[in-house]
Amino acid sequence: MLNLYYHPLYTGGIDPEARFPRDRYTLLAQRLAGVNGIQMHTPRLATREEITTVHDADYVDRFLNGELSDKEARKIGLRPWRPEIVPRTLRIMGGSLQALDDVLSHGGLAGNMAGGTHHAFYDYGSGYCIFNDIAVCAHHALQTPKVKRILILDLDVHQGDGTAAMLQSWDSCYTVSLHGGNNFPFKKQQSDLDVELPCDATDTEYLSALDELLATLNFNDYDLLLYQAGVDPLITDRLGRLAVTREGLNQRNLRVFEKAHLACLPTVIFMGGGYAEPIADTVDAFQDLFTLAAQFQAQR
């Protein structure tokens, strides 16, 4: 059974007036409800202590207390903010940590139907990301005896700049990002491995670049895979600037899951970005992602 974490606040914690496709979470939950091999769970609230393991305590407290400056909030986006933005953020972090605990305890795959908040930095948020759940999960995993080396594979169309910056000095984590070169963030950070794609890259170009990237990685060298599986490379994504099809993303996910499966590598799936118009294209792609993950989980 593939354990996934979802809460109505993933949608409800964002104001309807915000320029963000908040309904993707609810629509995806409706699609996945009752699907064979998938079980959805309610995520817990992450604690302040869990978040401050990697984030500046002053920044964390000011967010939790509603004291961020207008400039800080504007850099994050998701405005206008409603009070529910705080429990939403804590539920997303809690869902990612619970998915991590699942794979550390039982192996295989688990996922969060949100998260992948890779633009959050040590002491500020950016690009719809408040706290970096990938970095928090990496720290949490490294406190366990099972995990010495972590592979962080970020295939969102936007570089995982916050993750790269926060984990740059962590020898235990290897950060990989395949992203659009001429896209947000326009000031890139240095991952351990960065591969940039040109605008309008097709399935052929995208999968070729991915194959070359994967060929450099030995999944057997790692104890854990944190997979940021954003679907914003889609051709209909308004923020993507690439020309990847739904089938191209299916092939991407298949390649990643096959490599992890062959290495028996515990894998946490973070949903990442998706801003397609129509929104159904984003929901389709995320549905494909998790149904494929469930198929691999069933093979264990």
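Only one of Leu214, Leu234 is crowded, with 16+ Cβ neighbours inside 10 Å and either touching a Cys at 6+ places or on another chain (Cβ under 8 Å) or closer than 30 Å to Gly94 by Cβ (or both). Can you tell me which?
Details: Leu214 fails: either touching a Cys at 6+ places or on another chain (Cβ under 8 Å) or closer than 30 Å to Gly94 by Cβ (or both).
Only one candidate qualifies: Leu234.
Quick one: Thr163 ticks every box in (1) farther than 25 Å from Trp81 by Cβ; (2) out of contact with any Gly (no Cβ under 8 Å at 6 or more places or on another chain); (3) crowded, with 20+ Cβ neighbours inside 10 Å bar one, so which box is it?
The failed condition is (1).
For (1) under 16 Å from the mean Cα position of the chain (by Cα); (2) buried (at least 17 other Cβ atoms within 10 Å of the Cβ), each residue gets a yes or a no:
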{"site": "Leu210", "(1), (2)": "no, yes"}
{"site": "Asn220", "(1), (2)": "no, no"}
{"site": "Asp223", "(1), (2)": "no, yes"}
{"site": "Phe257", "(1), (2)": "yes, yes"}
{"site": "Ala260", "(1), (2)": "no, yes"}
{"site": "Thr267", "(1), (2)": "yes, yes"}
{"site": "Gly273", "(1), (2)": "yes, yes"}
{"site": "Gln299", "(1), (2)": "no, no"}
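State which residue is modelled with the lowest pLDDT when the search covers only the stretch 134-157 and only residues that are part of a loop (DSSP other than H, G, I, E, B) and charged (D, E, K, R).
Quick first cut of the stretch 134-157, residues part of a loop (DSSP other than H, G, I, E, B) only: 143-149, 155-157.
Those still in the list that are charged (D, E, K, R) too: 146, 148-149, 156.
Numbers: Lys146: 94, Lys148: 99, Arg149: 99, Asp156: 99.
The selected residue is Lys146.
Would you please name the residue that is surrounded by the fewest Cβ atoms within 10 Å (Cβ to Cβ), looking only at residues in the stretch 120-144 that are in contact with a strand residue (DSSP E or B) (Cβ under 8 Å, 6 or more places away or on another chain) and more than 14 Å from Thr89 (Cα to Cα)? Give the derivation first.
Step one: list which residues in the stretch 120-144 are in contact with a strand residue (DSSP E or B) (Cβ under 8 Å, 6 or more places away or on another chain), which gives 120, 133-134, 137-138, 141-142.
Now drop any that are not more than 14 Å from Thr89 (Cα to Cα), which leaves 137-138, 141-142.
Details: Cys137: 26, Ala138: 26, Ala141: 24, Leu142: 17.
Of everything passing the filter in the stretch 120-144, Leu142 is surrounded by the fewest Cβ atoms within 10 Å (Cβ to Cβ).
Suppose we filter the stretch 29-81 for residues that are farther than 24 Å from Ala138 by Cβ, buried (at least 18 other Cβ atoms within 10 Å of the Cβ) and β-branched (Val, Ile, Thr); how many remain?
1
If we keep just the residues of the stretch 229-265 that are basic (Lys, Arg) and either without any contact (Cβ under 8 Å) to a residue 40 or more places away in the chain or in contact with a Gly (Cβ under 8 Å, 6 or more places away or on another chain) (or both), which is nearest to Tyr128 (Cα to Cα)? So that I can check it myself, show each step before the final result.
Applying the first criterion (basic (Lys, Arg)) to the stretch 229-265 yields 238, 241, 246, 252, 255, 259.
Pick out the ones that are also either without any contact (Cβ under 8 Å) to a residue 40 or more places away in the chain or in contact with a Gly (Cβ under 8 Å, 6 or more places away or on another chain) (or both) and you get 238, 241.
Numbers: Arg238: 15, Arg241: 18 Å.
Looking at the filtered set, the residue picked out is Arg238.
The values are calculated or read from the model by the stated rules, or taken from the named source; none is laboratory data. Only a predicted model underlies this, so the values are computations on that prediction, with no experimental measurement involved. Cβ atoms come from the backbone with ideal geometry, glycine included; neighbour counts cover every protein chain shown.
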